[in-house]
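The values are calculated or read from the model by the stated rules, or taken from the named source; none is laboratory data. Since this is a predicted model, take the numbers as computed values, not measurements. Cβ: placed from backbone, ideal geometry, glycine included. Neighbour counts: every protein chain shown.
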């Protein structure tokens, strides 16, 4: 009877060691603590390493094949190519208080065409509106144009300069054409 109990105990111990070793940490040691902020322990290529967490999508093997489905974003058509005027700088022309030097840039993905105008308006007073034809601008190109008032604005006047003020050109962004400043 004692031998049966001893055999059963030894069998139970052997079985528990075998089962616990199959659920134990990999043979290269326990899972490490990662000390760098934001890193997590990852078991990769048979060893533990600390890495920044990331999301990896499973591919279908056709990502680089031409016409093979792959990356659907790469196959998406881009937005319609259009020009996009912005005003990068406005200042008084030296030695002439009636003239503003206005630098305009085309941020769009298409060259602009002629036909648009740049307007400068002065709030209050009798200076009124000044306008000039906009130059044709290639993508990424900047040009400085000079806008003349019939008389110099008063110092402290609020001036608003607007590229494509007559809205002749359909732009990729119609909301970035205006620059306002106080005339000094």
Segment 122-184: strands (runs of 3 or more DSSP E) wholly inside it with 3 or more residues that are assigned by TED's automatic domain parsing to the domain that holds residue 108 and closer than 23 Å to residue 82 by Cβ are 129-133, 142-148
Scanning segment 107-132 for residues that are out of contact with any strand residue (DSSP E or B) (no Cβ under 6 Å at 6 or more places or on another chain) and within 19 Å of residue 174 (Cβ to Cβ), the one surrounded by the fewest Cβ atoms within 10 Å (Cβ to Cβ) turns out to be 114
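Residue by residue, here is whether (1) farther than 30 Å from residue 170 by Cα; (2) out of contact with any helix residue (DSSP H, G or I) (no Cβ under 8 Å at 6 or more places or on another chain); (3) at pLDDT 75 or above holds:
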| position | (1), (2), (3) |
| --- | --- |
| 51 | yes, yes, yes |
| 56 | yes, yes, no |
| 61 | yes, yes, no |
| 67 | yes, yes, no |
| 74 | no, yes, no |
| 79 | no, yes, no |
Residue 141 meets each of (1) at pLDDT 80 or above; (2) surrounded by 12 or more Cβ atoms within 10 Å (Cβ to Cβ); (3) within 22 Å of residue 184 (Cα to Cα) with one exception, condition (3)
